[in-house]
Protein chains: 2
Amino acid sequence: MIKVIAKMTIKEGMAGELMSSIQELVAETRKETGCIVYQLFEDTNNQKVFTFVEEWVNQEALDKHLNSKHFKDASSKLTGILEKDMEISVGTLVI
Amino acid sequence: MIKVIAKMTIKEGMAGELMSSIQELVAETRKETGCIVYQLFEDTNNQKVFTFVEEWVNQEALDKHLNSKHFKDASSKLTGILEKDMEISVGTLVI
């Protein structure tokens, strides 16, 4: 299993924009073969920070997701919403 | 549900130290009432980065965890292992 944590810091007042931009991404991603978990969290202490927490069965499933139309469409929309580059970490379970 | 993501960057060559320091923490934490998920991931692209991904039923359960003996013992051991302060984010589910 592969874990992905993708932290986004959005521009001031762009939370609504973010939500509308990721609706299709979330719905389509959850339908993908190989997607175990795909959730978005809002930070309790910083209203500009949102984090995707994902689980994929393997690297192949993740690669397919990153090349999907819904991922590319959402990434393009996010460009104007994010204050800085998304911080992405990919990991495997230790314990 | 409360999500906690705690990212650790360890000093060079301290992965073994880290593992032995968190065994009891992980075992005891998973026994806690209110702990849904408590997993540790190693970063695929940076062998010095490890991330706890946690889920708690509510803030009360998380607070109790943060005040537990096993958490305090592990935190004390981690002081000499971490290269910099742990980066902790607490969040709630959006979608």
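Miscellaneous remarks
- Selection of the range B:67-95 for residues being more than 21 Å from B:Ile2 (Cβ to Cβ), small (Gly, Ala, Ser) and under 14 Å from the mean Cα position of the chain (by Cα) yields only B:Ser76.
- Exclusive hit being of a type in the set (Ser, Thr, Tyr), closer than 21 Å to B:Thr92 by Cβ and without any contact (Cβ under 8 Å) to a residue 12 or more places away in the chain, set A:Ser89, A:Ser20, A:Ser76: A:Ser20
- Filtered residues of the range A:18-42 (kept if assigned to a helix (DSSP H, G or I), charged (D, E, K, R) and either more than 12 Å from chain B (Cβ to nearest Cβ) or under 12 Å from A:Lys77 (Cα atoms) (or both)): A:Glu24, A:Glu28, A:Lys31
- Just one residue in the set A:Val57, A:Val94 is among the hydrophobic types (A, V, I, L, M, F, W, C) and touching a residue at least 24 places away in the same chain (Cβ under 8 Å); that residue is A:Val57.
- Of the residues examined, B:Ser75 is one that is among the hydroxyl-bearing types (Ser, Thr, Tyr), surrounded by fewer than 15 Cβ atoms within 10 Å (Cβ to Cβ) and either outside any loop (DSSP other than H, G, I, E, B) or in contact with a strand residue (DSSP E or B) (Cβ under 8 Å, 6 or more places away or on another chain) (or both).
- Complete set of residues in the range B:64-95 that are within 13 Å of another protein chain (Cβ to nearest Cβ) and over 20 Å from B:Met19 (Cα atoms): B:Ser89, B:Val90, B:Gly91, B:Thr92, B:Leu93, B:Val94, B:Ile95
Computed from the coordinates by the stated procedures, all read-outs in this text should not be read as laboratory data. These numbers come from a predicted model, not from an experiment. Quick reminder, even Gly has a Cβ in these numbers, built from the backbone with ideal geometry, and neighbours come from all protein chains shown.
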